[in-house]
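These notes are about the structure you will find just below.
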Amino acid sequence: MRRIVFSPMRRHRNASLDARIESIRGDLGILGYSWITSLPLHICVALRESSKWTGRALIHWMGGFWFLWTVGSIAAERLMEGSMPRLGAAQTVLFFAALYAYILTLFAPAQARRYRLVEACVRAIEACAAAHGRGNLQHAGLNMVSTRVSAVEQAIFRAPRALGLVGPTRRSRRDVLRQHANAVVLALRASEEGLDGRRKDACLGELAGLLLQIASSAAAGRIGELLPESATVAYEGMRVSDWAPLRTVCVAAAVIATALGVTLLGLEAPIAELVITCVFAVASLLAFGRNWQRMTHLLDLFRPT
């Protein structure tokens, strides 16, 4: 029996997800997989869970930001005036509402990360379909494909930690998963290299096939078997350098150094925020290029009070 949904917001979310799933099926048809009449059920479930937990994670970060901003404002006014400021009724309600939302969605970011690999694969497939058959206008689309595949690679390396499948003391299992992740990433890169040749559309279809297999395995929790052995056997024992953690540390160090500098110089709050934001933007662009938005949460940690 069909379950009745009473919430208009939930009904709208389900309708938009159904439309997206149907659009993905159409994209697969464009890429040469017209025989796939519907997405596998576990991928659809993963996309729905990703949408749900991503929304809750956004509420979590917004609630945390408002809570920290209010506490920082109170502390700053306390230091400048020497007396504890009084919050108005509206500010008090917003303060406790933000705190409640933050606590209520405490585990939402971790849950959202569990489905990040499936989401990244689906977005890469959508980029492949958008670039397919565009002729001379294909260059911008291929650039987006490379950006989305890069996000898939990063999600592959972080999948074991995001799913919490391996304990911190099980180094042997982590090494095996890391070796498999290396092989999968190298297989993706080998397929992506064909985009520089003449058979661009055919290579886009092959790349989408690999991405669909990875999404299916990730949605089913098979992190140690994202691709079949026949697709990764040629890359066993090879290693891929993952510099994302080091780049993240460099961006954080630049923001911390800037925050300390503006504090020592005694700059006013608006000017200090502008300087920190500019340094953050430049450092993130240099470190991550078009994916610089992934570091925006650092601004909330180092915002001067």
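The values are calculated or read from the model by the stated rules, or taken from the named source; none is laboratory data. Predicted model only: the values in this text are computed from it and were never measured. So basically every Cβ, Gly included, is an ideal-geometry build from the backbone, and we count neighbours across all protein chains shown. Just so you know, the surface numbers come from the protein's heavy atoms only, side chains and all, with ligands and any DNA or RNA stripped out. Shrake-Rupley method; radii C 1.70, N 1.55, O 1.52, S 1.80 Å.
Scanning the range 208-215 finds no residues that are modelled with pLDDT under 90, part of a helix (DSSP H, G or I) and surrounded by fewer than 19 Cβ atoms within 10 Å (Cβ to Cβ). Cβ-Cβ contacts under 7 Å between residues 6 or more apart (or on different chains), taken from a first residue in the range 213-224 that is farther than 11 Å from Val118 by Cβ to a second residue that is open to solvent by 40 Å² or more (accessible area, probe 1.4 Å) and of a type in the set (A, V, I, L, M, F, W, C), are listed as Ile223/Leu165; Gly224/Val176.
Taking the range 138-176 as the range and being part of a helix (DSSP H, G or I), farther than 20 Å from Ala110 by Cα and modelled with pLDDT under 85 as the test, the residues that pass are Gln138, His139, Ala140, Gly141, Leu142, Asn143, Arg171, Ser172, Arg173, Asp175, Val176.
What's the number of the only condition in (1) loosely packed, with under 13 Cβ neighbours inside 10 Å; (2) over 29 Å from the mean Cα position of the chain (by Cα); (3) at pLDDT 70 or above that Gln91 fails to meet? If we test Gln91 against (1) loosely packed, with under 13 Cβ neighbours inside 10 Å; (2) over 29 Å from the mean Cα position of the chain (by Cα); (3) at pLDDT 70 or above, just (1) comes out false.
Within the range 270-305, the residues that satisfy the criterion of being of a type in the set (Lys, Arg) and modelled with pLDDT of 55 or more are Arg290, Arg294. Screening Leu227 against (1) touching a helix residue (DSSP H, G or I) at 6+ places or on another chain (Cβ under 9 Å); (2) open to solvent by 20 Å² or more (accessible area, probe 1.4 Å); (3) outside any helix (DSSP H, G or I) leaves a single unmet condition, (2). Kindly indicate whether Ala272 is open to solvent by 50 Å² or more (accessible area, probe 1.4 Å), at negative phi and either of a type outside the set (S, T, N, Q) or part of a helix (DSSP H, G or I) (or both). Answer is no for this residue. Among the numbered criteria (1) surrounded by fewer than 17 Cβ atoms within 10 Å (Cβ to Cβ); (2) under 19 Å from Ala129 (Cα atoms), which one does Gly55 miss? Gly55 satisfies every listed condition except (2).
Selection over the range 94-112 of residues that are open to solvent by 100 Å² or more (accessible area, probe 1.4 Å), at pLDDT 85 or above and not aliphatic (A, V, I, L, M) gives a count of 2.
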